[in-house]
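Asker: Right, I'll just put the structure down here and ask away after.
Read the figures in this text as sums done on the coordinates, not as results from a lab. This structure is a prediction, so every number in the text was calculated from the model and none was measured. FYI the Cβ positions are ideal-geometry reconstructions off the backbone, even for glycines, and counts take in every protein chain you see.
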């Protein structure tokens, strides 16, 4: 009888551990998906600017605010040693920087 009780407890703990690990993996996966979607959201705007060779309709102030926020997210990711946060926000930072550069470049033309 004692064996049965100990065995069930150990089995119960391993299921709890497995459930916790699955939740952690799921949370990381959601974070990666969110980062990829957020990071790629600026790509259509960049493509439009490059195709049309104009960026007059874009607010530079908004882009600069976004740039600062993305830089903070990258720094936060570095402090937390969280690679999904670092990579996805660094990609967004590069894309946003390209949009700013192209917008300024085409406004001057």
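Asker: Would you calculate the separation in nanometres between label points at residue 80 and residue 104, each defined as 7 Å from the Cα along the Cα-to-beta-carbon direction?
Answerer: It is 3.0 nm.
Asker: Tell me the mean residue ellipticity at 222 nm calculated for the chain from its helices only (DSSP H runs of n ≥ 4, each -39500 (n - 2.57), averaged over every residue, nearest 500).
Answerer: Computed ellipticity for the chain at 222 nm equals -31000 deg cm²/dmol.
Asker: Between residue 64 and residue 43, what is the label-point separation in nm under the 7 Å Cα-to-beta-carbon projection?
Answerer: For the pair residue 43/residue 64, the computed spacing is 2.9 nm.
Asker: What's the ranking of 63-76, 21-34 by average number of surrounding C-beta atoms within 10 Å, highest first?
Answerer: Taking the mean over residues of other Cβ atoms within 10 Å, the ranking is 63-76, 21-34.
Asker: How big is the chain along each principal axis, measuring the range of its Cα positions in Å and listing the largest first?
Answerer: 85, 26, 16
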